[in-house]
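K.L.:
Structure in structure tokens, see below.
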Amino acid sequence: MLNVIIFLGSPGSGKGTQAAKLSNAFNYKHISIGDMLRNNVERKTELGLKASGFIDSGALVPDDLIIQVVGKFFEDSASSSDGKIILDGFPRTEPQALALEKIINNLGIALTSVIYLNVTDDEVISRLSERGREDDSPELVLNRLNVYRNQTEPLLKYYSQKNLLKEIDGNRFPDLVFAEITELIGVEA
Ligand code: AMP
């Protein structure tokens, strides 16, 4: 039976790094929506062409597009595997969270944990200025932090009310953060 772990956190919180570590250590399938989108932009697919303007301005890609992509992924995975899935960068809005719930409920998949990497803005700005991705310019980072604050942060309350939220201090060295994550989800790993 499939189960799902979500990584939540601002840009630069270490979601991608930690999700990759966890998937390698415990055989989770790691789905990074940002990577998936960038790959589509590079290949100039229909999705990539629709998404690129939003990514370039630091805005979120519209919910309906993202939900369609994630829905298709789950339909394909549900029939072909019984593994564990890490969602990195999805959901990022309340409509996405509701859509995810519907998709996985229909398929009998359980959402087991939402790992929230809590990192200060100063740490985010310093990390992203070193990373050097195209959407990591100082102006776009501020845009993305604002978008996070307004559209994604409400999900913390949403998942906390469902007793799924596991908050971790993400300001520390990646290995320490990882050790805490594995401890928190030990039972499911
Ligand atoms: P990330 O690699 O997670 O930082 O995502 C990079 C960019 O991809 C974001 O700034 C958004 O433009 C887009 N993106 C990634 N995930 C989502 C999502 N769940 N909903 C909408 N847009 C997304």
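K.L.:
Has the stretch 172-187 got any residue that is crowded, with 20+ Cβ neighbours inside 10 Å and more than 16 Å from the ligand (Cβ to nearest atom)? It would help to see each step written out before you state the result.
P.N.:
Keep residues of the stretch 172-187 that are crowded, with 20+ Cβ neighbours inside 10 Å, which gives 177, 181.
Subset that is more than 16 Å from the ligand (Cβ to nearest atom): 177, 181.
For the stretch 172-187, residues crowded, with 20+ Cβ neighbours inside 10 Å and more than 16 Å from the ligand (Cβ to nearest atom): present.
K.L.:
Sticking with this structure for a sec: Can you name every residue in the stretch 95-111 that is touching a strand residue (DSSP E or B) at 6+ places or on another chain (Cβ under 9 Å) and not in a helix (DSSP H, G or I)?
P.N.:
ILE109, ALA110, LEU111
K.L.:
Out of GLU134, GLU130, report the one residue that is within 16 Å of the ligand (Cβ to nearest atom), closer than 20 Å to GLY14 by Cβ and in contact (Cβ under 8 Å) with a residue 60 or more places away in the chain.
P.N.:
Details: GLU130 fails: in contact (Cβ under 8 Å) with a residue 60 or more places away in the chain.
GLU134 is the lone residue from the list that is within 16 Å of the ligand (Cβ to nearest atom), closer than 20 Å to GLY14 by Cβ and in contact (Cβ under 8 Å) with a residue 60 or more places away in the chain.
K.L.:
For ASN143, state whether it is more than 30 Å from ASN27 (Cβ to Cβ) and either within 15 Å of the ligand (Cβ to nearest atom) or modelled with pLDDT of 95 or more (or both). Don't jump to the end; show me each part of the working.
P.N.:
Numbers: more than 30 Å from ASN27 (Cβ to Cβ): yes; either within 15 Å of the ligand (Cβ to nearest atom) or modelled with pLDDT of 95 or more (or both): yes.
Considered against the rule, which asks whether it is more than 30 Å from ASN27 (Cβ to Cβ) and either within 15 Å of the ligand (Cβ to nearest atom) or modelled with pLDDT of 95 or more (or both), ASN143 comes out as yes.
K.L.:
On the given criteria, is ARG92 part of a loop (DSSP other than H, G, I, E, B) and surrounded by 18 or more Cβ atoms within 10 Å (Cβ to Cβ)? Can you show your working first?
P.N.:
On the way: part of a loop (DSSP other than H, G, I, E, B): yes; surrounded by 18 or more Cβ atoms within 10 Å (Cβ to Cβ): yes.
For ARG92, the condition - part of a loop (DSSP other than H, G, I, E, B) and surrounded by 18 or more Cβ atoms within 10 Å (Cβ to Cβ) - is met.
K.L.:
Pairs only if they're at least six apart or on different chains, beta carbon under 6 angstrom, first in the stretch 23-45 and within 20 Å of ILE67 (Cα to Cα), second within 12 Å of the ligand (Cβ to nearest atom) and of a type in the set (S, T, N, Q); list them, first residue then second.
P.N.:
From residues that are within 20 Å of ILE67 (Cα to Cα), the pairs are VAL41/SER52.
K.L.:
Then there's this: Given (1) in contact with a Phe, Trp or Tyr (Cβ under 7 Å, 6 or more places away or on another chain); (2) within 10 Å of the ligand (Cβ to nearest atom); (3) not in a helix (DSSP H, G or I), where does VAL114 come up short, assuming only one miss?
P.N.:
Status for VAL114: all satisfied but (2).
K.L.:
Could you tell me how many of the residues in the stretch 17-31 are at pLDDT 95 or above and either of a type in the set (Phe, Trp, Tyr) or within 12 Å of the chain's Cα centre (by Cα) (or both)?
P.N.:
Counting residues in the stretch 17-31 that are at pLDDT 95 or above and either of a type in the set (Phe, Trp, Tyr) or within 12 Å of the chain's Cα centre (by Cα) (or both) gives 4.
K.L.:
If you don't mind, there's one more thing I want to ask. Which of the helices (runs of 4 or more DSSP H) contained wholly in the stretch 1-85 include at least 1 residues that are within 28 Å of ILE185 (Cβ to Cβ) and within 10 Å of the ligand (Cβ to nearest atom)?
P.N.:
Working: elements: 15-26, 33-42, 46-57, 63-80.
Passing ranges, in order: 15-26, 33-42, 63-80.
K.L.:
Determine if the stretch 95-102 includes at least one residue that is modelled with pLDDT of 95 or more and touching a Leu at 6+ places or on another chain (Cβ under 7 Å). Can you show your working first?
P.N.:
First, pick out the residues of the stretch 95-102 that are modelled with pLDDT of 95 or more: 95-102.
Still in the list and also touching a Leu at 6+ places or on another chain (Cβ under 7 Å): 97.
Yes, the stretch 95-102 contains at least one residue that is modelled with pLDDT of 95 or more and touching a Leu at 6+ places or on another chain (Cβ under 7 Å).
The values are calculated or read from the model by the stated rules, or taken from the named source; none is laboratory data. Since the structure is predicted, the reported quantities are computational estimates derived from the model, not experimental observations. Glycine gets a Cβ as well: all are built from the backbone with ideal geometry, and neighbour counts include every protein chain shown.
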